[in-house]
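What follows is a short report on a single structure.
The values are calculated or read from the model by the stated rules, or taken from the named source; none is laboratory data. This one's a predicted model, so the numbers in the text were calculated from it and none came from an experiment. Here Cβ is always computed from backbone atoms with ideal geometry, including for glycine, and neighbour counts include all displayed protein chains.
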Amino acid sequence: MTARILLAYYSMSGHTRELAGELRTALQAEVEEIREPHPRSGAGGIWRSVVDTVLRREPPILAPALDPTGYDLLAIGGPVWVGRMASPLRSYARRMAARAPRLAFFCTEGGRGAEQAFDDLGRLCGRAPEATLVVDARHLRPEQHRESLQRFVRALRTPRAGADR
Ligand SMILES: Cc1cc2nc3c(=O)[nH]c(=O)nc-3n(C[C@H](O)[C@H](O)[C@H](O)COP(=O)(O)O)c2cc1C
């Protein structure tokens with residue numbers, strides 16, 4: 001039986017949105033975009049992102065439409081901000097991660113901080129992810145991260161040990 005997968009992502013400048021689109025096709029997953037009531041734009045938006053992240057804020061997000069309870073696995077993704085996952089993603093994870101039977105993380109980044117950001121998000125979720133995918137600024141084009149994406153897809157498609165399938 002094919003795992004039902006929900007991809008929940010946040011993206012400010014579009015990199016993670018494009019990656020989520022590739023994953024959606026590869027996994028035949030359903031997608032929830034995490035959105036904010038006050039979208040971030042320009043220098044003010046970047047400054048707010050830095051402050052929110054450093055202060056570990058969990059800013060308001062619009063109510064998610066999809067419930068992870070109805071899926072086998074939830075993959076949460078977004079950009080790395082100041083060595084942590086983007087703060088709207090933290091807001092989502094706080095509300096929704098506990099409802100997911102299985103958990104995976106993915107991110108885009110400039111070039112550093114992903115592992116630390118995943119550790120931090122795992123602590124917030126109360127468990128480590130089963131699989132992770134990192135795409136940095138030098139590997140944004142699909143052909144540049146094809147292998148790591150396929151590894152991630154295979155890991156998500158593999159039923160959890162002991163699962164009744
Ligand atoms: C406020 C802010 C902080 C960032 N901090 C980091 C960082 O600590 N490490 C890093 O590698 N990239 C950092 N970046 C770069 C983003 O992670 C990267 O551009 C990402 O692909 C953006 O994803 P998006 O287009 O989905 O928003 C930061 C970007 C912003 C706007």
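The residue of the range 112-160 that is farthest from Gly78 (Cα to Cα), among those that are of a type in the set (A, V, I, L, M, F, W, C), assigned to a helix (DSSP H, G or I) and within 16 Å of the ligand (Cβ to nearest atom), is Leu149.
Considering only residues that are among the polar types (S, T, N, Q) and near the ligand (Cβ under 8 Å from one of its atoms), which ones fall in the range 1-39? Write out each step before concluding.
Step one: filter the range 1-39 for residues among the polar types (S, T, N, Q), giving 2, 11, 13, 16, 25, 28.
Once the filter is applied, which keeps residues that are among the polar types (S, T, N, Q) and near the ligand (Cβ under 8 Å from one of its atoms), the range 1-39 yields Ser11, Ser13, Thr16.
For Gly122, the conditions (1) buried (at least 20 other Cβ atoms within 10 Å of the Cβ); (2) within 25 Å of Arg4 (Cβ to Cβ) are fulfilled apart from (1).
Residues considered: Asp72, Asp67. Of these, the only one that is acidic (Asp, Glu) and buried (at least 19 other Cβ atoms within 10 Å of the Cβ) is Asp72. Confirm whether Ser91 is hydroxyl-bearing (Ser, Thr, Tyr), under 21 Å from Arg17 (Cβ atoms) and touching a helix residue (DSSP H, G or I) at 6+ places or on another chain (Cβ under 7 Å). Against the criterion (hydroxyl-bearing (Ser, Thr, Tyr), under 21 Å from Arg17 (Cβ atoms) and touching a helix residue (DSSP H, G or I) at 6+ places or on another chain (Cβ under 7 Å)), Ser91 does not qualify.
Of the residues in the range 95-104, none is surrounded by 24 or more Cβ atoms within 10 Å (Cβ to Cβ) and under 10 Å from the mean Cα position of the chain (by Cα). Contact annotation: residue pairs with Cβ atoms under 6 Å, 6 or more positions apart or on different chains, pairing a residue in the range 41-60 that is touching a residue at least 12 places away in the same chain (Cβ under 8 Å) with a partner that is of a type outside the set (Ser, Thr, Tyr) and loosely packed, with under 12 Cβ neighbours inside 10 Å, are Pro60/Pro37.
Would you mind stating whether Met85 is more than 10 Å from the ligand (Cβ to nearest atom) and either in contact with a Ser or Thr (Cβ under 8 Å, 6 or more places away or on another chain) or touching a residue at least 24 places away in the same chain (Cβ under 8 Å) (or both)? Judged against the criteria, Met85 is not a match. The residues listed here are Arg154, Arg138; of these, the one that is under 19 Å from Ser11 (Cβ atoms), over 16 Å from the mean Cα position of the chain (by Cα) and of a type outside the set (Val, Ile, Thr) is Arg138.
Quick one: which strands (runs of 3 or more DSSP E) sit completely within the range 1-87 and have at least 2 residues that are modelled with pLDDT under 95, within 16 Å of the chain's Cα centre (by Cα) and not acidic (Asp, Glu)?
none
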